[in-house]
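Please treat every number below as a calculation from the coordinates, not as lab data. Note that this is a predicted model, so its numbers are computed, not measured. Cβ: placed from backbone, ideal geometry, glycine included. Neighbour counts: every protein chain shown.
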């Protein structure tokens, strides 16, 4: 019998492999795609029009609007603080896996001529009120790192700490394809991430967050149960 833990590992690993493939093709078109594919004004949240398609943007664009928010379906990513260069490329992606949504943020480092160094990124990830009302919540978070064959574990390291309703988890460590993950609970996460690289290789840091999504049939049953309870209460009071 396959456990929930085994299933989660398979989901995270499979999605991370897909991200490794995608990242080799997105950085060259990042600035053009970012310009054409979203609405971003001085006081507007960046809204991803089709969450299931990879959405390319940059740290500078994320930091440009008043609220520093990216709306990805029923998730709000809010940039709190970072010292990453403005032209650092980002890719937001959603994988819908039947009862589970996997929301990812990929950071492409080094390919844009950024110097080696240690960089930090702090952001929050929260569910919209509609998702919370529907019973959704976060169940797992992970971090992966890859050098696309151009480096080794010694010259690239990513780590992050995730805080949920149970406190801080981590630091989770990732280097050269190694994935760190932790179970989560709640509907609001605070994430602090550190990325270290020592050469100009093409580097990618992948952040994945698994979310439980109630099945429509379950919601219908819940609604029917509530209506039944309400009817019984009315009959009793009558």
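Listing for the model above:
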| quantity | calculated |
| --- | --- |
| Inter-label distance, nm, simple model (7 Å from Cα along the C-beta direction), residue 133/residue 185 | 2.6 |
| Sequence of 71, 172 once ranked by neighbouring C-beta atoms within 10 Å, starting from the fewest | 71, 172 |
| Residue-span extension gain [residue 78 to residue 212] - 0.36 nm each, minus C-alpha spacing | 46.2 nm |
| At R0 = 22 Å, FRET efficiency that the Cβ-Cβ distance of residue 173 and residue 100 yields, to 0.05 | 0.35 |
